[in-house]
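Participant: Structure below; questions to follow.
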Amino acid sequence: MIVCSLKSSVEKELKASIKPKHVLGLVPTMGFLHNGHISLIEKAVKDCDHVWVSIFINPIQFNNQNDLDNYPKNLKKDLNLIKSISEKINVFSPSIDEMYDDRLRHKNYNFDGIDSELEGRFRPKHFSGVATIVSKLFDLFKPNKAFFGEKDFQQTQIIRKLIEIEKHKTELIICPTVREKNGLAMSSRNSLLSKKNREKASLIFQNLLFLKKNYKKNDFEKLILKCKENIDSNKDFKTEYLEIVDSYDFKILNKFVAKKSLRVFICVKVGDVRLIDNILLN
Ligand code: PAF
C-alpha cells in the first residue's frame, strides 16, 4: 500500500504503474471508513487493476463550522482497514493546502437546479463544494471508474452532471446502501449518536419502507405527515425534510405518476447529527 499526501507523488506513482488498457478505480471518501465504504472499495478491487482511495475532509462542502469540527476522523484505523482488504490499494490523503493552496474557493456549476433541492435547500453551496473537490480528484487521477454510494443519491446525480459538464472520461459506479442490523444507513456520522438514539434511528428506514408499501394508494402529503409525526414524536428527533420526488429532476411529487421514477428522500436531525437516507419506490 502506498500512501501519498502530495499530488506530485500521486502523479509520479500513476506514471510509473499504469500501463495502457489498465483500469484505474477511484473511491473518494472523507475517511472514518465503515462497511458502506468497504463495499465501494471491494467493488473497485473487483472491477479495476489499480485502486486508489482518497481520504480528505473537504471543508468547502460543510456549511456549518460545528459539523466540520465534529466530523469524525481516524486515519490510522482507516489505513489498517484498507490494508486488510488488499495491500495493493493505494491511498491519497492530502492536506487542505495541498488541495486548495490558500484559496478555499468553490467552482461555479450549473446543475440544472438539482443542487438546490432537498440537501441543497438546507446546505447552500454543499454540492458545489462536493463537485469542486471531486473535479480536482478526477483531474489528478483521471480514473476510468469512480465509486459512490446510493445513500448519497443526490450527490451521485451531481457527479453524473459534473462528468458531463467537464467531459471526464470516468464511469460513475453507484453501489447499494449498506445498512446496520436495524436498517439505519451506514454513515460516518452514526458514530456521533448515543447508543440509544442509534438504535432508535431504525425509525428512519422503517418509515421509508412504510412509504414504499403505501405510496400507490394514498395522497403523498397525508402519508408524509404521518411519517413525520411518527419520527418527530421521539425525543431528539426532528425531520428536516421528507419528500417523494422525481429521481431525475428531484422535483417534489404529490401523487403517484406511473411513468416517473419515484424516490423518497429523508433527512432527520438527531440532536446535532444530520442523518440522510433514500430509497427507490418504483
Ligand atoms: O461522499 C463523500 O464522502 C464526500 O461528499 C466526497 C464524495 C468524498 C467528496 O468530498
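The values are calculated or read from the model by the stated rules, or taken from the named source; none is laboratory data. Nothing here was measured: the structure is a model prediction, and the numbers come from that model. So basically every Cβ, Gly included, is an ideal-geometry build from the backbone, and we count neighbours across all protein chains shown. These area figures cover heavy atoms from the full protein model, side chains too; ligands, DNA and RNA do not enter into them. Shrake-Rupley method; radii C 1.70, N 1.55, O 1.52, S 1.80 Å.
Participant: Amide H neighbours of D277 under 5 Å, counting only residues 5+ apart in sequence or on other chains, H built in-plane at 1.01 Å?
Facilitator: Residues meeting the criterion, in which the H sits 1.01 Å from N, are I266.
Participant: Arrange the peptides 20-26, 259-265 so that the one whose residues have, on average, the most other Cβ atoms within 10 Å appears first.
Facilitator: Descending packing order for the listed peptides: 259-265, 20-26.
Participant: Whole angstrom only: what separates the Cα centroid of segment 1-52 from the Cα centroid of segment 183-218?
Facilitator: So the two Cα centres are separated by 31 Å.
Participant: How large is ³J(HN,Hα) for each residue in segment 213-227, as worked out from phi by the Karplus curve 6.51 cos²θ - 1.76 cosθ + 1.60 (θ = phi - 60°), to whole Hz, x for Gly and Pro?
Facilitator: With coefficients 6.51, -1.76 and 1.60, one gets 6, 10, 5, 6, 8, 10, 4, 4, 4, 5, 5, 5, 4, 4, 5 Hz.
Participant: Which far-off residues, 5 or more places away or on another chain, put their amide H under 5 Å from the one on R179, with H placed in the peptide plane?
Facilitator: Placed amide hydrogens put M186 under 5 Å from R179.
Participant: What is the Cα centroid distance between segment 259-280 and segment 105-138, reported in whole angstrom?
Facilitator: 18 Å
Participant: In addition: Mind telling me which of L242, L40, L81 comes out most flexible in a GNM of the chain, alpha-carbon contacts under 10 Å?
Facilitator: L81
Participant: How high is the relative contact order of the chain, given as a whole-number percent (alpha carbon pairs under 8 Å, six or more residues apart)?
Facilitator: It comes to 17 percent, rounded to a whole number.
Participant: With the Cα gyration tensor of the chain giving a ≥ b ≥ c as the square roots of its eigenvalues, does the rule (a/c under 1.5 for rounded; else a/b larger than b/c for prolate; else oblate) give rounded, prolate or oblate?
Facilitator: Judged from the Cα gyration tensor, the chain comes out prolate (a/c at least 1.5, a/b above b/c).
Participant: Also, I was wondering about something else. Evaluate the distance, in nm, between pseudo-label points positioned 7 Å from the Cα of E164 and of L225 along their respective Cα→Cβ axes.
Facilitator: 3.6 nm
Participant: What accessible area per residue comes out for the chain, rounded to a whole number of Å², with a 1.4 Å probe?
Facilitator: With all protein chains present, the chain gives 51 Å² per residue.
Participant: Still on this structure, please answer the following. For the pairs K7/K88; K15/K167; K43/K238; K222/K260, flag any whose C-alpha to C-alpha distance is greater than 29 Å.
Facilitator: Flagged as over cut-off: K43/K238.
Participant: Tell me the volume per residue, in Å³, of the convex hull enclosing the alpha carbons of segment 151-192.
Facilitator: 79 Å³
Participant: Remind me, relative contact order of segment 149-282 in percent, using alpha carbon pairs under 8 angstrom and six or more residues apart?
Facilitator: 22 percent.
Participant: List every residue whose amide H lies under 5 Å from the amide H of N282, counting only residues 5 or more places away in sequence or on a different chain, with H placed 1.01 Å from N in the peptide plane.
Facilitator: L262
Participant: Taking only Cα atoms and a 10 Å spring cutoff, compute GNM fluctuations for the chain and point out the largest among D249, D47, D69.
Facilitator: D69
Participant: Computing the accessible area with a 1.4 Å probe over protein heavy atoms, can you report the carbon and sulfur percentage for the chain?
Facilitator: 50 percent
Participant: Could I ask something else about it? Between the alpha-carbon centers of segment 69-102 and segment 228-244, tell me the distance in whole angstrom.
Facilitator: If you average the Cα positions of each part, the centres end up 34 Å apart.
Participant: Sorting check: for 146-156, 230-240, which peptide has the highest mean count of neighbouring beta carbons within 10 Å, and how do the rest follow?
Facilitator: Ranked by mean Cβ neighbours within 10 Å, highest first: 146-156, 230-240.
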